[in-house]
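These notes are about the structure you will find just below.
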């Protein structure tokens with residue numbers, strides 16, 4: 001069975017491709033031409049295209065047996081000043097996927113966000129597709145399951161300046177790289193906000209399980225939410241990273257960034273995991289997963305010349 005993975009060369013996409021291969025499926029990576037210089041894993045097929053190109057999306061879906069839609073423009077504060085590129089990609093790209101799924105009667109799963117209720121471009125656009133999925137499932141006969149993931153972390157996540165080429169500042173690479181460099185670990189707000197973390201491989205498993213349930217004709221009335229049983233504040237996550245890395249870093253607080261809410265709670269309804277035959281107790285423990293992540297970034301920092309990624313502020 002061939003499974004189309006949009007954004008298959010992205011952070012979560014790489015793990016989804018590996019999970020599909022592990023289960024004996026053939027992943028078909030659908031990605032933008034600018035990524036063609038990257039190394040692709042063995043045993044996968046590549047379809048060059050942009051999710052905004054409805055012809056390319058339709059052609060790719062015509063040769064697939066199911067799909068997992070990950071491709072999107074990310075960013076919280078990064079997309080507020082100009083939300084249009086993210087709105088176009090995330091909304092129109094999502095609609096292109098749904099139209100093709102309806103045309104070829106292909107089951108799928110869609111990754112949504114844990115902070116779906118926040119007013120930032122990414123949360124708004126991702127949540128809009130959730131509503132379109134509900135509409136398509138009810139009136140167009142599609143079989144699509146939604147997977148809401150809290151903050152995914154793990155090895156291979158792209159770091160932001162000055163540690164890497166990332167354009168969006170993500171919590172884990174930022175905290176880990178600064179801790180390993182004995183720099184101040186910067187937290188937006190006072191750090192009391194709950195922003196639960198989930199190991200990226202667990203997100204990949206949930207997405208594949210949700211797709212297979214859709215393939216069997218099971219479409220759930222609620223999104224599947226992927227996150228841990230125990231909740232941690234952002235400050236607690238930073239303290240854990242500093243401790244595990246043996247860092248001399250101190251925590252400093254920055255003004256809350258636009259698009260997020262002080263004291264917010266982003267966590268998952270873990271009971272929904274049982275709908276896709278996953279037990280919350282089996283998710284990778286935060287300490288275990290974070291140690292693997294720290295080990296990865298320690299090797300990464302030993303190899304890379306971070307000066308090439310420094311930008312003026």
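The values are calculated or read from the model by the stated rules, or taken from the named source; none is laboratory data. For clarity, every value in this text was computed on a predicted model and none was experimentally measured. Virtual Cβ from ideal backbone geometry, glycine too; neighbours counted across all protein chains shown.
Just one of the numbered conditions (1) under 19 Å from residue 286 (Cβ atoms); (2) in contact (Cβ under 8 Å) with a residue 40 or more places away in the chain; (3) part of a helix (DSSP H, G or I) is not true of residue 208: (1). In the set 13, 93, 43, only one residue is free of Cβ contacts under 8 Å to residues at least 24 places away in the same chain and touching a strand residue (DSSP E or B) at 6+ places or on another chain (Cβ under 9 Å); that residue is 43. Please verify whether residue 271 is in contact with a strand residue (DSSP E or B) (Cβ under 8 Å, 6 or more places away or on another chain) and either within 13 Å of residue 187 (Cβ to Cβ) or surrounded by fewer than 22 Cβ atoms within 10 Å (Cβ to Cβ) (or both), treating the condition exactly as stated. So residue 271 does not fit the description; no.
Of all residues in region 110-129, those being crowded, with 22+ Cβ neighbours inside 10 Å and out of contact with any strand residue (DSSP E or B) (no Cβ under 8 Å at 6 or more places or on another chain) number 3.
Yes or no: residue 222 crowded, with 18+ Cβ neighbours inside 10 Å, modelled with pLDDT of 95 or more and on the phi < 0 side of the Ramachandran plot? Spelling it out, it is not the case that residue 222 is crowded, with 18+ Cβ neighbours inside 10 Å, modelled with pLDDT of 95 or more and on the phi < 0 side of the Ramachandran plot. Taken together, 284, 237 contain a single residue that is assigned to a loop (DSSP other than H, G, I, E, B) and either under 30 Å from residue 79 (Cβ atoms) or modelled with pLDDT of 95 or more (or both), which is 284. Just one of the listed residues (95, 106) is modelled with pLDDT of 95 or more and surrounded by fewer than 21 Cβ atoms within 10 Å (Cβ to Cβ), namely 95. Within region 129-147, residues that are on the phi > 0 side of the Ramachandran plot reach partners that are surrounded by fewer than 21 Cβ atoms within 10 Å (Cβ to Cβ) with beta carbons closer than 8 Å, at six or more positions or on different chains, in the pairs 141/102; 141/105.
Just a yes or no: is a residue in region 226-233 touching a residue at least 12 places away in the same chain (Cβ under 8 Å), assigned to a strand (DSSP E or B), in contact with a strand residue (DSSP E or B) (Cβ under 9 Å, 6 or more places away or on another chain) and closer than 26 Å to residue 5 by Cα? Yes - at least one qualifying residue is present in region 226-233. Just so you know, in region 187-201 the residues that are surrounded by fewer than 23 Cβ atoms within 10 Å (Cβ to Cβ) and out of contact with any helix residue (DSSP H, G or I) (no Cβ under 7 Å at 6 or more places or on another chain) include one that is farthest from residue 12 (Cα to Cα), and it is 190.
Just so you know, in region 131-147 the residues that are in contact with a helix residue (DSSP H, G or I) (Cβ under 6 Å, 6 or more places away or on another chain) and part of a loop (DSSP other than H, G, I, E, B) include one that is surrounded by the most Cβ atoms within 10 Å (Cβ to Cβ), and it is 142. Checking 312, 247 one by one, the residue that is at pLDDT 90 or above and either part of a loop (DSSP other than H, G, I, E, B) or in contact with a strand residue (DSSP E or B) (Cβ under 6 Å, 6 or more places away or on another chain) (or both) is 247 and no other.
Within region 148-188, can you find the residues that are at positive phi and either in contact with a strand residue (DSSP E or B) (Cβ under 8 Å, 6 or more places away or on another chain) or part of a helix (DSSP H, G or I) (or both)? Once the filter is applied, which keeps residues that are at positive phi and either in contact with a strand residue (DSSP E or B) (Cβ under 8 Å, 6 or more places away or on another chain) or part of a helix (DSSP H, G or I) (or both), region 148-188 yields only 154. Among the residues examined, residue 277 qualifies as more than 16 Å from residue 241 (Cα to Cα), modelled with pLDDT of 95 or more and surrounded by fewer than 19 Cβ atoms within 10 Å (Cβ to Cβ).
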